[in-house]
1. Considering Cα pairs under 8 angstrom that are at least six residues apart, work out the relative contact order of segment 19-130 and quote it in whole percent.
2. Using 7 Å Cα-to-Cβ label points, what is the Lys222/Ile197 separation (nm, one decimal)?
3. Tell me the relative contact order for segment 64-220 as a rounded percent, counting alpha carbon contacts under 8 Å between residues six or more apart.
4. Exactly which GluC sites (Glu not before Pro) in segment 56-108 are in a DSSP loop and have at most 10 other Cβ atoms within 10 Å?
5. May I have the convex hull volume per residue, in Å³, for the Cα set of segment 1-140?
6. How do Cys246, Cys97, Cys49 stack up against each other in accessible area, from largest to smallest, with a 1.4 angstrom probe?
7. Give me, ordered by chain and number, the residues 5 or more places off Val7 or on other chains with an amide H under 5 Å from its own placed amide H.
8. Compare Lys262, Lys83, Lys187 in a GNM of the chain, Cα atoms joined below 10 Å, and give the one with the largest fluctuation.
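The values are calculated or read from the model by the stated rules, or taken from the named source; none is laboratory data. Being a predicted model, the structure only gives us computed values, none of them experimental. Every residue, glycine among them, receives a Cβ derived from its backbone with ideal geometry; neighbour counts consider all protein chains shown. Keep in mind that these areas ignore ligands, DNA and RNA; they rest on the heavy atoms of the full protein, side chains included. Shrake-Rupley method; radii C 1.70, N 1.55, O 1.52, S 1.80 Å.
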Amino acid sequence: MLGFDRVFDTDFGADLTIMEEAHEFLDRVQNDGVLPMITSCSPGWVKYCEYYYPDMIPNLSTCKSPQQMFGAVVREYYKDPEKNEGKKIVSVSIMPCTAKKEEILRPESYTNGKQDVDYVLTTTEIVRMIRKSGIVFDKVEIEAADVPFGIGSGSGGVIFGVTGGVTEAVLRRLQQGHNRVDMESIKKSGVRGDDGIKVLTYNYNGRDIKAAVVNGLANADKVLQQIKNHEAEYDFVEVMACRRGCIMGGGQPVNAGPRTRKARMKGLYDTDVNTQIKKSNENPMILSLYDTLLKGKEH
């Protein structure tokens, strides 16, 4: 209704990120790579690390964020004349994060000299546009996101927005099979909650994987100092620049008190519960992508 020809779900991009990030993590663990591997999906955190801890850049995952992976995939997909129908592709992300506006300008966010994502709108900006356009949600007919990028798993973008969501998604991806007991054990491993620093241990094929889940740059600084001073050892570290994760991103509507924060977190976890696909590698659209556009790069 705002004028877009296609609307996709960033959950799809998050699933793709988890596929690649889990593969990279296992590769580092099995082949004596640089550990701990630290997540790279929060551009505010990446910028902070580059400026204050440049010696730890090798620890950062080489994976792009869901926004940037998705942007690159969409642009590649629509290079096909049959798919673009002769139209120029203008890609717009709707994000809860102001740092995403800078991320699309980074050198690695270009493919063949072209930005993968053209514009970023924050959730606050899109709300203003909706209101100015006179769109009333109660009167809008519900419709699904467009194919082929309209399906995401619970462990993808759904829980990515809360602190610990990326780690939980990676642990689900590493878990062989898919049963309720295993999913419940991951949920109760200490990965959930909005504490600034959470530490947990997960057994993967007989090897204990120690992870730290961090939200807020002040807490990230504490954990990095622990690592540098050999006061703590981790295999995997998730960092979100914003306290409590993307649900409280700088692009979100302001004046959100404790009740709103809890409601946003509960909303994502409730959506995960009601999502049939719980793991990124069970998303049929992701598997199809690896069989077609990304053929030969299956992770």
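1. Taking the mean separation of contacting Cα pairs over the length of segment 19-130, I get 22 percent.
2. Between Lys222 and Ile197, the label points sit 0.5 nm apart.
3. On the way: 143 pairs, mean separation 20.5, N = 157.
Reported as a whole number, the value is 13 percent.
4. The qualifying sites are Glu85.
5. Once divided by residue count, the hull of segment 1-140 is 143 Å³.
6. Cys246, Cys97, Cys49
7. Amide H to amide H, under 5 Å and 5 or more residues apart or across chains, Val7 pairs with Asp146.
8. For the chain, modelled as a Gaussian network with Cα springs under 10 Å, the answer is Lys83.
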